[in-house]
1. What is the distance in Å between the Cα centres of the stretch A:18-71 and the stretch B:49-75?
2. In debye, nearest 20, what is the charge dipole magnitude of the stretch A:1-107 about its Cα centre with +1 on Lys and Arg Cβ and -1 on Asp and Glu Cβ, if you could check?
3. Would you count, across the protein assembly as shown, every pair of lysines whose alpha carbons are under 23 angstrom apart, provided the pair is eight or more residues apart or spans two chains?
4. Averaged across A:43-51, how many Cβ atoms of other chains sit within 10 Å of each residue's Cβ atom?
5. What percent do you get for the relative contact order of the stretch A:65-112 when only Cα pairs under 8 Å and 6+ apart count?
6. Rank these residues by their accessible area, most exposed first, probe 1.4 Å: A:Ser26, B:Ser27.
Amino acid sequence: AQSVTQPDIHITVSEGASLELRCNYSYGATPYLFWYVQSPGQGLQLLLKYFSGDTLVQGIKGFEAEFKRSQSSFNLRKPSVHWSDAAEYFCAVGTDTDKLIFGTGTRLQVFP
Amino acid sequence: KAGVTQTPRYLIKTRGQQVTLSCSPISGHRSVSWYQQTPGQGLQFLFEYFSETQRNKGNFPGRFSGRQFSNSRSEMNVSTLELGDSALYLCASSPGTSGRGADTQYFGPGTRLTVL
């Protein structure tokens, strides 16, 4: 069965620092990969998605993610974090025949 | 286009009662999925409806049910509420034209249910 792992429950960075959130998936074929962000008390907002093609995907708010098949990873990155990026981030994996599976989330805290 | 809307945004119920939550998808979207989010369990898939038919279901007891109408609006119902049902219930809509997990899901703001 497919699965998604986000190893980091909580990450703290300083404003202006770079950020990388890890996501590993387990699936036999190439899945569809997503990153969502959730602010407190809100729903999830799509940051970016990977279906095929270029393995480096650009998203909204200056985020990007790189699909690495050999490592079964889809890590989210941002070169310079802003205080407004503090939120919870979810990685998700989907296939043509099954529902979307979400990771447990990584809570990002940003210090000024 | 208007986003996904969920009503009500907040609900307080007592144990044993039942509750109905509503979700209006993005215009043109035919698939609606429901999720339960709690601090301890994270995001858990409840069920998905496509063209008024349930086509996927998570591991929740039969107290949790749902339906979808011909206009794609969806409702979920929880009967005989328990304290553990307190959660944020999220609805997501997608076009439904791709494979199930390939569709991009767009989420509503959620309904915060508190069971006392």
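1. 27
2. Using only the charged Cβ atoms, the result is roughly 60 debye.
3. Lysine pair count for the protein assembly as shown: 10.
4. 4
5. With pairs under 8 Å counted, the relative contact order is 31 percent.
6. Ranking A:Ser26, B:Ser27 by accessible area, largest first, yields B:Ser27, A:Ser26.
The values are calculated or read from the model by the stated rules, or taken from the named source; none is laboratory data. The structure displayed is predicted, hence computed values, not measured ones. In this analysis, Cβ positions are derived from the backbone assuming ideal geometry, glycine residues included, and neighbour counts consider all displayed protein chains. Side chains are part of the model used for accessible areas, which takes the heavy atoms of the whole protein and leaves out ligands, DNA and RNA. Shrake-Rupley method; radii C 1.70, N 1.55, O 1.52, S 1.80 Å.
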